[in-house]
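The values are calculated or read from the model by the stated rules, or taken from the named source; none is laboratory data. This one's a predicted model, so the numbers in the text were calculated from it and none came from an experiment. As a convention, Cβ positions derive from the backbone with ideal geometry for all residues, glycine included, and neighbour counts pool all protein chains shown.
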Amino acid sequence: MLALFIGIALIVFLRSAHSVPSILEAILNEVAVAMLIVATISAFFEASMSRQSRQISEEQTILANQIRSDISEAKSIITVASSGIEQVFRSEGEINRRLPLLFNNAHYRVDILRITSYLWDPDLQKSLLGALQRGVKVRVVQIDPDSPLLEYYADQERRDNIGLLSELNRAIDRWRDLAAQQGQLEFRLYSGLIVMSLMIVDETMFIAPYLGSKTAMGAPQIQLSGGPLFRVYQDYFDGCWSRAKLAAKGW
């Protein structure tokens, strides 16, 4: 800006002066032109810097938005990490090998929700009986043999209606016999739709969706310990429990 002012001032001076020596006039003309050139270059440079500054500002804005997006994604990851999911198992068989130890260490509750509920494995029966004898409260929900969805569940378990009905009734008889010995056991029948198997031992939970392409034994099992998902599935069990009815046959 100063160079431009000097250049213009010299030109105005030369045009209005009448007694300036020719040599001095030539020198001042050269200086005025030089000042104008410097002013032009300076203006061009400032404009270029301004464009670069805007570009840098835009890049900074893009970077800031990306950082905010990354932070948001990181928060989402943290939410998943804190959801309570501990492990995922390929099948129910892997879970059944762990259940005796869990039952042996249970302190206050075991909740079971399944299509067919009885634990036929002798080790599971023994460890669950030990939990009952220690005063652990056990709640069991299974499908009612009179459910209108029996055919659906038979298809889910890859068996015919008669076979599933027989197992459901045998499970009722087994739980009834066990309940006669242990007052801490409660058993109910559910006639609605169960979309997953679910087992809770104190603050450890195993859930497995009933998939059309796999039986319950072959479905993946998710282990939860606390967290928001635990509360969601606990509410699901409690809802099924509240809507289920007490088993008949001498209960």
Item checked: Within segment 114-126, tally of residues that are at pLDDT 85 or above and either surrounded by 21 or more Cβ atoms within 10 Å (Cβ to Cβ) or closer than 15 Å to ASN169 by Cβ (or both) -> 2
Margin query: Is it the case, given these coordinates, that LYS137 is assigned by TED's automatic domain parsing to the domain that holds LEU198 and at pLDDT 90 or above?
Written below: yes
Check: When VAL138 is evaluated against the numbered criteria (1) under 24 Å from PHE103 (Cβ atoms); (2) within 23 Å of the chain's Cα centre (by Cα), which criterion, by number, is the only one it fails?
Finding: (2)
Margin query: Contact list please: Cβ distance under 9 Å, first residue in segment 90-117 and farther than 11 Å from SER197 by Cβ, second residue of a type in the set (Lys, Arg) and surrounded by 19 or more Cβ atoms within 10 Å (Cβ to Cβ), pairs at least six apart or on different chains.
Written below: ARG109/ARG139; VAL110/ARG139; ASP111/ARG139
Check: Does ALA179 satisfy being at pLDDT below 85, within 25 Å of SER83 (Cβ to Cβ), surrounded by 15 or more Cβ atoms within 10 Å (Cβ to Cβ) and assigned by TED's automatic domain parsing to the domain that holds LYS126?
Finding: no
Item checked: Failed criterion for LEU224 (all others in (1) surrounded by fewer than 17 Cβ atoms within 10 Å (Cβ to Cβ); (2) aliphatic (A, V, I, L, M); (3) at pLDDT 80 or above; (4) within 34 Å of the chain's Cα centre (by Cα) hold) -> (1)
